[in-house]
Each structure stands twice: as C-alpha cells, then as structure tokens.
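The next block holds one structure in the form of structure tokens; read it before the comments.
The values are calculated or read from the model by the stated rules, or taken from the named source; none is laboratory data. None of the values given here were measured: they were computed from a predicted structure. No Cβ is skipped: glycine too gets one built from the backbone with ideal geometry, and neighbour counts run over all protein chains shown. Each accessible area value is taken on the protein alone, full model and side chains, heavy atoms only, with ligands, DNA and RNA left out. Shrake-Rupley method; radii C 1.70, N 1.55, O 1.52, S 1.80 Å.
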Amino acid sequence: MLFDTHVHLNADQFEDDVDEVIERAKSEGIEWMNCIGFDRKTIKRAVELAEKYEFIYASVGWHPVDAVDMTEEDLQWIEELAGHPKVVALGEMGLDYHWDKSPKDVQKEVFRKQIHLAKKVKLPIIIHNRDADQDIVDLLKEEHAEDVGGIMHCFGGSLEIAKECMKMNFYISFGGPVTFKNAKRPKQVAKEIPMDKLLVETDCPFLAPHPYRGKRNEPSYVKLVAEQIAELKELSLEEIAQQTTANANKLFCIT
Ligand code: NI
C-alpha cells in the first residue's frame, strides 16, 4: 500500500496509455497518487484525472523554469482551483538554476506569489529545487513557509539542507535517483531522515529508478524507491509503505 506523492500522469508521455499505467500501478499496490500540474495544460489535465479517479489527487502550481509565462490570470485560476475538493497542495513551485529560460529574480517573484497564495488558501506547497539549495531555504524562511509546510520533492540536497527544511514543516521526498548505483549522497541522506518526515515518489515520466533508468518512469515503480529506502534503514517494505502513506495522508488531509 503505497502513496506516490509526485506523478505527472498529465504529461504528454502518458497520452496514449494513461489508463493502463494507472491500472498497473493499482495492481502493484500503489493505492494513491498525487498528480502535479505545473503549467496551464498540465494543471487542467491533473484536475481532470483527479475527477476521474477517486484515488488520484491533484496539486496545482507554476514551474520555475516557465516563471516568465505566469500571468495574474493564471494565479487567480490557481486560487480558484485551490478550492476544488481533490486539490490537496499547491505546486510544483520553486527555483531552477539549471535552465535559464526565466531569470532568477522572476523565478523568485513567482515563487513568493505562490507561497503567499498557499498561506491564503491554507494548502501545503510542493517544492522543485534544482541547483538552488541555499536560495530555496532563505526564501522559505523569509516568507514563513513553515505556516503551511509541504514537500521537498525528489530531494537531492545535503543532510544540513534537509534539516533546515524539516524545521520548517517540510517532508523530504525521495524518488528514482536514490536507487541509482552512484547515488552516494541521496542514500546517506535518506538513511538519516526520520520516519515521520519521509515520503516516496516517482516524478514519472522522469527519473525512472534502477533498473529502468533512462526509460519512461511510471507510478508502479515507486515500489523500487520504497524498497531501496527500506534496505537503507534496515526496515521492511511494509514499514516504509505504512509510514510514508500515513505521512502523505496527514499532509494532504486525506481521511
Ligand atoms: Ni515534477
């Protein structure tokens, strides 16, 4: 019984076979999924999927890479969707210094606006961070993001950064990279994260876990992530599944 807290079943890569992919996940014991929207098209599709399947929830937000494209109307639309019964979080949002489509100051502004909105609508936030560890932590502190908390998605930072985030009510979520053979730091960090702060995800169709690295990722593979963490923590898969699912349900207020 697993909760994949970060899927993009709304992505073009699943256009032809999304129902089969969902079916396969269910048969592998993936009971719940959170489908993440990050621009106009994927937000719309995430909400559609959440309306179609009772075990799929949605998050709505604007990706930092495309920060330059977000309008005031988009932000208003996100606010309206925040009241939808299946929308459980805002995001993904954050900072991405790997790509340079959106300048850093624009990314920060769009990130701040979404944090303000999350506090207004009282929903947790899902953070995308690429090569921006310290700026993310500083901005979350400045904006008092601890009021809503949320998820550090596909966490790849140091244990020190993880601790700063946990202090601000963020869960640390691991995905496919923790299973990679050469992923020394993610493995060391995952081992140290307290059970009550841990989540698992796929970020599918991206970042497929070993042995599917480089292939299209899908929610059924979240089991491989959970198995890897169980091994690192010297616990059973059942213990990891039970606790991470309870954590996700608590954060998303799913009863
Ligand atoms: Ni994502």
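Quick look at the numbers
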{"read-out": "Residues located in the range 98-110, provided they are of a type in the set (S, T, N, Q) and either outside any loop (DSSP other than H, G, I, E, B) or out of contact with any helix residue (DSSP H, G or I) (no Cβ under 7 Å at 6 or more places or on another chain) (or both)", "value": "Gln107"}
{"read-out": "Lone qualifier among Leu159, Leu207 - being in contact with a helix residue (DSSP H, G or I) (Cβ under 9 Å, 6 or more places away or on another chain), at pLDDT 95 or above and open to solvent by less than 60 Å² (accessible area, probe 1.4 Å)", "value": "Leu159"}
{"read-out": "Residue under evaluation Asp96, criteria (1) closer than 20 Å to Asp138 by Cβ; (2) open to solvent by 60 Å² or more (accessible area, probe 1.4 Å), criterion not met", "value": "(2)"}
{"read-out": "Of all residues making up the range 171-181, the number that are away from the ligand (no atom under 16 Å from the Cβ) and out of contact with any helix residue (DSSP H, G or I) (no Cβ under 7 Å at 6 or more places or on another chain)", "value": "2"}
{"read-out": "Every pair of residues 6+ apart whose Cβ atoms lie under 6 Å, when the first sits in the range 120-131 and is within 16 Å of the ligand (Cβ to nearest atom) while the second is of a type in the set (D, E, K, R) and not in a helix (DSSP H, G or I)", "value": "Ile126/Glu92; His128/Glu92; Arg130/Asp96"}
{"read-out": "The range 170-186 - residue that is surrounded by fewer than 18 Cβ atoms within 10 Å (Cβ to Cβ) and in contact (Cβ under 8 Å) with a residue 24 or more places away in the chain and, of those, nearest to Cys35 (Cα to Cα)", "value": "Phe180"}
{"read-out": "Any chance Lys119 is open to solvent by 60 Å² or more (accessible area, probe 1.4 Å) and in contact with an Asp or Glu (Cβ under 8 Å, 6 or more places away or on another chain)", "value": "yes"}
{"read-out": "Enumeration of residues in the range 42-70 that are among the charged types (D, E, K, R), under 27 Å from Ser102 (Cβ atoms) and surrounded by fewer than 21 Cβ atoms within 10 Å (Cβ to Cβ)", "value": "Lys44, Glu48, Asp66, Asp69"}
{"read-out": "Answer from Val106, Val87, Val21 - the residue that is open to solvent by 30 Å² or more (accessible area, probe 1.4 Å), touching a residue at least 12 places away in the same chain (Cβ under 8 Å) and among the hydrophobic types (A, V, I, L, M, F, W, C)", "value": "Val106"}
